[in-house]
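Computed from the coordinates by the stated procedures, all read-outs in this text should not be read as laboratory data. None of the values given here were measured: they were computed from a predicted structure. Every residue, glycine among them, receives a Cβ derived from its backbone with ideal geometry; neighbour counts consider all protein chains shown.
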Amino acid sequence: MFEEVKKILTNELEVEESLVVPEAEFVNDLKLNSLEIADFIVLCEDKFGASVEDADINSILTVGDLCDYIANHVKK
């Protein structure tokens, strides 16, 4: 899961690969703005078949947070 998320960040959002670690924060470490984060979440939803609820978005601060969230919300 992490490797796929990392691929999306590096290929689609052009984030430096070395910066993408599970504890990297989207805003502080990866320097993504709110529009980029929204686009990234949509790409992940499409890739993994998971839906991120609007109410949960503010609790997803790091790459690891998103990986965990998706793993727990993938449609089976």
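How many residues does the stretch 3-29 contain that are more than 8 Å from VAL63 (Cβ to Cβ) and either of a type in the set (Phe, Trp, Tyr) or out of contact with any strand residue (DSSP E or B) (no Cβ under 7 Å at 6 or more places or on another chain) (or both)?
Going residue by residue through the stretch 3-29, those that are more than 8 Å from VAL63 (Cβ to Cβ) are 3-4, 7-8, 10-19, 25, 27-29.
Filter once more, keeping what is either of a type in the set (Phe, Trp, Tyr) or out of contact with any strand residue (DSSP E or B) (no Cβ under 7 Å at 6 or more places or on another chain) (or both): 3-4, 7-8, 10-19, 27-29.
The qualifying residues number 17.
Restricting to the stretch 1-26, and then to whatever is free of Cβ contacts under 8 Å to residues at least 12 places away in the same chain and not small (Gly, Ala, Ser), can you tell me which residue is nearest to TYR69 (Cα to Cα)? Spell out how you get there, then give the answer.
Our first condition is that a residue be free of Cβ contacts under 8 Å to residues at least 12 places away in the same chain; within the stretch 1-26, this holds for 3, 7, 10-11, 14, 16-19.
This time we only want the ones that are not small (Gly, Ala, Ser), so: 3, 7, 10-11, 14, 16-17, 19.
Values: GLU3: 15, LYS7: 17, THR10: 20, ASN11: 21, GLU14: 23, GLU16: 23, GLU17: 21, LEU19: 20 Å.
Here the answer is GLU3.
Matching residues to (1) polar (S, T, N, Q); (2) touching a Leu at 6+ places or on another chain (Cβ under 6 Å); (3) within 18 Å of ASN72 (Cβ to Cβ):
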{"position": "GLU16", "(1), (2), (3)": "no, no, no"}
{"position": "GLU23", "(1), (2), (3)": "no, no, no"}
{"position": "ASN33", "(1), (2), (3)": "yes, no, no"}
{"position": "ALA38", "(1), (2), (3)": "no, no, no"}
{"position": "LEU43", "(1), (2), (3)": "no, no, no"}
{"position": "GLU53", "(1), (2), (3)": "no, no, yes"}
{"position": "SER59", "(1), (2), (3)": "yes, no, yes"}
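Those residues that are in contact (Cβ under 8 Å) with a residue 40 or more places away in the chain and closer than 14 Å to ILE8 by Cβ, I need them from the stretch 27-75; list them, please.
Here is the first cut: in the stretch 27-75, the ones in contact (Cβ under 8 Å) with a residue 40 or more places away in the chain are 47-48, 62-64, 66-67, 70-71.
Result: LYS47, PHE48, VAL63, LEU66, CYS67, ILE70.
Can you name the helices (runs of 4 or more DSSP H) wholly within the chain that have at least 3 residues being loosely packed, with under 12 Cβ neighbours inside 10 Å and touching a helix residue (DSSP H, G or I) at 6+ places or on another chain (Cβ under 6 Å)?
Working: elements: 2-12, 34-48, 63-73.
Hits in the chain: none.
Tally the residues that are among the β-branched types (Val, Ile, Thr) and under 11 Å from MET1 (Cα atoms), restricting the search to the stretch 55-73. So that I can check it myself, show each step before the final result.
Going through the stretch 55-73, the residues among the β-branched types (Val, Ile, Thr) turn out to be 57, 60, 62-63, 70.
Pick out the ones that are also under 11 Å from MET1 (Cα atoms) and you get 63, 70.
Total meeting the criteria: 2.
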